[in-house]
Ligand SMILES: Cc1cc2nc3c(=O)[nH]c(=O)nc-3n(C[C@H](O)[C@H](O)[C@H](O)COP(=O)(O)OP(=O)(O)OC[C@H]3O[C@@H](n4cnc5c(N)ncnc54)[C@H](O)[C@@H]3O)c2cc1C
């Protein structure tokens, strides 16, 4: 039996005969109570959780609430014993499988046998007093996201003089503003905005460099970035070479033109 938010075909392929939909992904207390109710009703011999952020958390909550022992991080499992490595993988701890077990991802082979029925069952309604009544995803303000967590960074170098347009463009693009060290040294952007070896090394997907030469210390900060767009008046700038899309032009002209294009696109 499988309990969780899984499609019936996937659950059947994973070897589940019955499937119970557990909603309330956002409500750990409610999920724990739902599961405790299910366990009380169905009295299963074993309850297996994935050792993931959500699965591991649920297993520990349930163990704490019920007082039952939990075997976390199992890497081998059979009806007779569960095992996991210990002491830096020098020994293996084994014991009879308790009821609650978490399994480390990707170490136990997936069910390879025939596809099971995965017939949906209604979960018993368990009344829960919840601290969290609802949860919504609130989009982060890109201007306030720390550079290290930003996905799209628009960065100003020494070739940028029009900072009003730079900030307007960052807002229009939904990008987090960054800068070269030259710009931060000049006090035109805060030190926290500095991209590079002595600033922040980005984990962004896209980096848009305006008037940045591409010194080695700066390029170290964008080594992991997949998509780089560069605007520079110098065709031979290292940043132009690093970029997947390069525009050889004056940044002061490109910025308002891009803002106008974005506004035109957004207009009904
Ligand atoms: C120990 C050490 C650590 C450092 N760490 C960092 C770091 O973490 N981050 C960092 O950024 N730097 C760092 N630096 C400094 C780095 O070596 C460079 O000096 C700096 O990155 C240059 O900044 P820049 O590209 O903005 O300026 P510049 O080198 O002056 O380049 C400006 C660029 O803008 C172009 N340009 C000019 N006018 C226009 C225009 N109108 N439109 C479009 N393009 C134009 C130019 O062609 C040029 O390519 C470090 C240096 C040292 C020694």
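With an 8 Å cut-off on Cα pairs and a minimum separation of 6 or more residues, tell me the relative contact order of the chain in percent. Don't skip to the end; give the middle numbers.
Numbers: 492 pairs, mean separation 38.7, N = 268.
Reported relative contact order: 14 percent.
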Here the FRET efficiency for residue 21 versus residue 220, based on Cβ atoms and R0 = 41 Å and rounded to 0.05, is 0.30
By the Kirkwood definition, with r running over pairs of different Cα atoms, the chain has a hydrodynamic radius in Å of 22.9 Å
Here the convex hull volume per residue of the stretch 142-266, taken over Cα atoms and given in Å³, is 90 Å³
So the FRET efficiency between residue 92 and residue 171, C-beta based with R0 = 41 Å and rounded to 0.05, is 0.15
Whole-number value, in Å³ per residue, for the convex hull of the alpha carbons of the stretch 2-121 is 114 Å³
Contact order relative to length for the stretch 142-266, counting C-alpha pairs under 8 Å separated by 6 or more residues, stands in percent at 24 percent
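Taking neighbour counts of Cβ atoms within 10 Å as a proxy for exposure, in what order, fewest first, do 77, 240 appear? Spell out each step's value before the answer.
Details: 77 18, 240 21.
Neighbour counts put them in this order, fewest first: 77, 240.
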Simple SL model, points at 7 angstrom along Cα→Cβ for residue 234 and residue 75; separation in nm is 5.2 nm
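Evaluate the relative contact order of the stretch 156-224 (contact order divided by residue number), counting alpha-carbon pairs under 8 angstrom at least 6 apart; express in whole percent.
With pairs under 8 Å counted, the relative contact order is 34 percent.
Can you compute the helix-only [θ] at 222 nm over the chain? Use -39500 (n - 2.57) per DSSP H run of at least 4 residues, normalise by all residues, nearest 500 deg cm²/dmol.
On the way: 8 runs with 77 residues, N = 268.
Calculated mean residue ellipticity at 222 nm is -8500 deg cm²/dmol.
Of all the C-alpha pairs in the stretch 132-200, what % are more than 16 Å from each other?
On the way: 1128 of 2346 pairs.
Everything past 16 Å amounts to 48 percent.
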Of the stretch 61-100, those with amide N under 15 Å from the point 7 Å along the Cα→Cβ vector of residue 40 are 62-63, 65-68
Here the gain from full extension of residue 198 to residue 29, 0.36 nm per residue of separation minus their alpha-carbon distance, amounts to 56.5 nm
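Every read-out reported here was derived from the displayed coordinates using simple, explicitly stated rules and does not represent laboratory data. All figures in this text were calculated on a predicted structure; none of them were measured in a lab. Don't worry about glycine lacking a Cβ; one is built from the backbone with ideal geometry, like all the others, and counts go over all protein chains shown.
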